[in-house]
Amino acid sequence: MTTLTARPVAPSAFMERLRRGVGRELLVFGVIGIASTAAYGVLYLALRAPLGSVAANALALVLTAVANTAANRRLTFGVRDRASMVRDQLGGLLALAVALAITTATANLLAAFAPDAGRLVELAALTAANAASTGARFVLLRSWISSRAQGVAS
């Protein structure tokens, strides 16, 4: 008599690749994000006195966004070609516009409602606002850069 044993059904190769790929991307994106946030904080604090909070925020964001997009392009999404570099940086700058709007609103609200807040309170509020825009940045960059890179690799 033959007995049937139930075997677990393995997930499709596509779903497994997707799970591993997204997980790895999120990890690398997070490490780059932490480094970018630290660089942003240092730049903001250095630029705050001479430029004011809004201008220091904008300049620190622009400088770190360009470096962040270049690092994510290469390390997170594995894109090394130069042909699409300008397009990808423009996509990164569009994602930056979202972050800039959120953080500028935060800086203005803090100045209006807590004008005597210390530098560390400002930095904490801006870092929280910047973190809030990180999810959108990942989705945007992944849709522009990673999907194209996967299409080329297929």
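Kindly indicate the residue of the stretch 74-92 that is over 22 Å from Val31 (Cβ atoms) and of a type outside the set (Lys, Arg) and also surrounded by the most Cβ atoms within 10 Å (Cβ to Cβ) among those meeting that condition.
Ser84
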Reported set for the stretch 94-127 where residues are more than 23 Å from the chain's Cα centre (by Cα) and of a type in the set (Asp, Glu) is Asp116
Restricting to the stretch 47-93, name every residue that is without any contact (Cβ under 8 Å) to a residue 12 or more places away in the chain, farther than 26 Å from Leu110 by Cα and either in a loop (DSSP other than H, G, I, E, B) or under 13 Å from the mean Cα position of the chain (by Cα) (or both). Arg80, Asp81, Arg82, Ala83
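None of the figures in this text is laboratory data; all of them are computed from the coordinates on show. Keep in mind it's a predicted model, so treat the numbers as computed, not measured. Every residue, glycine as well, gets a Cβ built from its backbone with ideal geometry; the counts of neighbours run over all protein chains shown.
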